[in-house]
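Working notes for the structure below.
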Amino acid sequence: MIGRLNHIAIAVPDLAKAAARYRDLLGASVGPLQTLPEHGVTVAFVDTGNGMVELMEPLGDNSPIAGFLAKSPGGGMHHICFEVPDISAAVATLVGGGARVLGDGVPKTGAHGRPVVFLHPKDFDGTLIELEEF
Ligand code: CO
């Protein structure tokens, strides 16, 4: 069902510093900082050629990653994202197999403008998985 790994998302306490480290120390290609108020994050994408690393900093009072950074103030890996060709079919298969989709299970428009869902980390070895229709 899943296709390529689209991105690995890392929650960071200071996006400008994190982006500079990837660019200057790792020599990576880092895109511009993008403010996404509707998602409660500011992000920058690192293009690794075979996928992306999404650096995310909380934005606003109700950021979905504020709780994560409260528990891990130094930052850490937040989720991994796989591409799927048909997200509704993927959700049906997953729910039929006993996996839990977070929220109401209806795909939302994600940070990249495509339909996404998130799967319960307890069903996947402690890892939050995002599926993105691509
Ligand atoms: Co993501």
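Coordinate-derived values only; no laboratory data. Owing to the predicted nature of the structure, the values given are computational and were not obtained by experimental measurement. Note that each Cβ is placed from the backbone with ideal geometry, even for glycine, and that neighbours are counted across all protein chains shown.
Cross-link reach is defined here as a Cα-Cα straight distance under 18 Å, omitting same-chain residues fewer than 8 places apart; for K108 the aspartates and glutamates meeting it are E38, E83, D86, E130, E132, E133.
Per-residue Karplus couplings for the range 53-69, computed as 6.51 cos²θ - 1.76 cosθ + 1.60 with θ equal to phi - 60°, are listed in order as 10, 9, 8, 10, 10, x, 9, x, 7, 10, 4, x, 9, 5, x, 4, 6 Hz, Gly and Pro entered as x.
Helix 87-96 and the longest principal axis of the Cα set of the chain meet at an angle near 60°. Straight-distance candidates among the aspartates and glutamates for linking to K71, with alpha-carbon spacing under 15 Å and chain neighbours fewer than 8 residues away dropped: E57. Going by the alpha-carbon gyration tensor, a ≥ b ≥ c the square roots of its eigenvalues, is the range 1-80 rounded (a/c under 1.5) or, if a/c is not under 1.5, prolate (a/b greater than b/c) versus oblate? Oblate.
Note on A28/L5: beta-carbon distance plugged into 1/(1 + (r/R0)^6) with R0 of 25 Å gives a FRET efficiency of 0.95.
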